Amino acid sequence: MASACVVEVLTRLGGVASRHDLVEAVGSRAEVDRALAAGDVVVLARGRYALPAVDEARAAAHRLTGTVSHLSAALHWGWAVLTPPSRPVVTVPRNRRVTPAQARGVQVRWSRLDPAVDVEDGVTARERTLRDCLRHLPFAEGLAVADSALRAGVPRSALDRVAREARGPATAQVRRVAGEASLLASGPFESALRAAALDVPGLRVEPQVSIHDPGFLGRPDLLDRRLRLVLEADSFAWHGSRSALAEDCRRYDALSVAGWLVLRFSYEEVVGRPHRVTETLRAAVAERAQCLCPGCRTVPDPRDVAGRPPCGPG
């Protein structure tokens with residue numbers, strides 16, 4: 001049971017995590033160590049843990065004489081993903097015949113890979129992995145991969161090159177994901193919430209921006225300055241203390257008093273029911289639009305309205 005909990009937490013963290021983050025999220029160092037000893041979690045690198053799917057993908061690629069690719073390659077490179085693949089993803093040459101028996105338990109992709117450019121030690125190279133994920137995954141999942149790659153140290157220039165050189169089907173999506181990617185996103189859950197927000201007209205959110213109003217009120221996951229709207233991806237991590245709950249309450253109360261509308265979304269809602277998230281965001285934008293100052297077209301601070309003339313046009 002303990003290992004199952006650790007696996008669930010690691011899955012929600014994106015399939016890869018540092019030991020510190022995993023222990024903090026699970027709330028027990030001993031449970032993490034038991035999961036590691038049982039093989040339910042594997043060591044990806046020093047201080048970095050991953051789901052066993054990383055090793056399973058290598059074994060599947062070896063069996064098919066193929067290359068670990070797409071989300072399996074993203075996990076190999078230590079990038080957190082929104083939904084870890086249920087089966088290893090392996091790319092084989094376009095003319096390769098793969099029997100149903102050989103493909104059992106594997107997501108097989110057919111494509112031409114240049115061994116000198118596209119492959120590193122049996123895994124698609126970082127830029128090729130980005131290109132595949134941004135082209136073939138839904139927008140939210142592609143954005144989560146791109147954000148994670150930037151956080152892991154992939155230079156922005158590499159992502160720009162992937163977008164610039166994109167050709168053929170889904171080129172528009174590749175370029176959109178690359179353009180919206182941000183290393184400021186804290187994880188794939190937040191990336192998915194931002195993806196939902198990007199599809200709402202009139203809403204333009206920024207990740208991890210500190211609010212000083214005038215004192216420090218917090219650093220929410222996402223905010224829209226113009227609408228004074230805060231979006232929080234409520235973490236799965238168990239804080240394990242009343243003080244953490246009290247601090248969250250104090251922060252949300254302070255934001256509300258300062259005129260910020262705070263919306264909190266669960267992992268289940270963002271990943272499993274994104275249409276409901278979008279509906280909520282559309283309703284919030286419509287509500288905030290009614291509060292816009294006719295001059296500057298922003299939601300004013302309610303503490304500064306009394307006795308002040310409206311601002312001029314523009």
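When the stretch 167-191 is examined, which residues are found to be surrounded by 15 or more Cβ atoms within 10 Å (Cβ to Cβ), part of a helix (DSSP H, G or I) and without any contact (Cβ under 8 Å) to a residue 40 or more places away in the chain?
173, 175, 176, 180
Find the residue count for the stretch 1-20, including only residues that are buried (at least 24 other Cβ atoms within 10 Å of the Cβ) and touching a strand residue (DSSP E or B) at 6+ places or on another chain (Cβ under 7 Å).
4
In the stretch 223-245, which residue that is over 19 Å from residue 291 (Cβ atoms) and hydrophobic (A, V, I, L, M, F, W, C) is modelled with the lowest pLDDT?
Taking the candidates together, the pick is 238.
Does residue 176 meet the test of being at pLDDT 95 or above, in contact with a Leu (Cβ under 7 Å, 6 or more places away or on another chain) and in the same structural domain as residue 84 (by TED's automatic domain parsing)?
no
Taking residue 194 as the residue in question, decide whether it is assigned to a helix (DSSP H, G or I), at pLDDT 95 or above and in the same structural domain as residue 280 (by TED's automatic domain parsing).
Judged against the criteria, residue 194 is a match.
Just give me the residues in the stretch 210-234 being surrounded by fewer than 23 Cβ atoms within 10 Å (Cβ to Cβ), under 17 Å from the mean Cα position of the chain (by Cα) and in a loop (DSSP other than H, G, I, E, B), in sequence order.
Residue satisfying the conditions is 234 alone.
Could you check the stretch 1-111 for helices (runs of 4 or more DSSP H) lying wholly inside it with 2 or more residues that are over 20 Å from the mean Cα position of the chain (by Cα)?
Of the helices (runs of 4 or more DSSP H) lying wholly inside the stretch 1-111, those with at least 2 residues that are over 20 Å from the mean Cα position of the chain (by Cα) span 2-12, 29-37, 53-64, 100-103.
If you check every pair at least six apart or on different chains, which have Cβ atoms under 8 Å apart with a residue in the stretch 22-35 that is under 12 Å from residue 3 (Cα atoms) first and a residue that is acidic (Asp, Glu) and surrounded by 15 or more Cβ atoms within 10 Å (Cβ to Cβ) second?
Close Cβ pairs satisfying both conditions: none exist.
The values are calculated or read from the model by the stated rules, or taken from the named source; none is laboratory data. Everything quoted here is computed from the prediction, not taken from an experiment. Note that each Cβ is placed from the backbone with ideal geometry, even for glycine, and that neighbours are counted across all protein chains shown.
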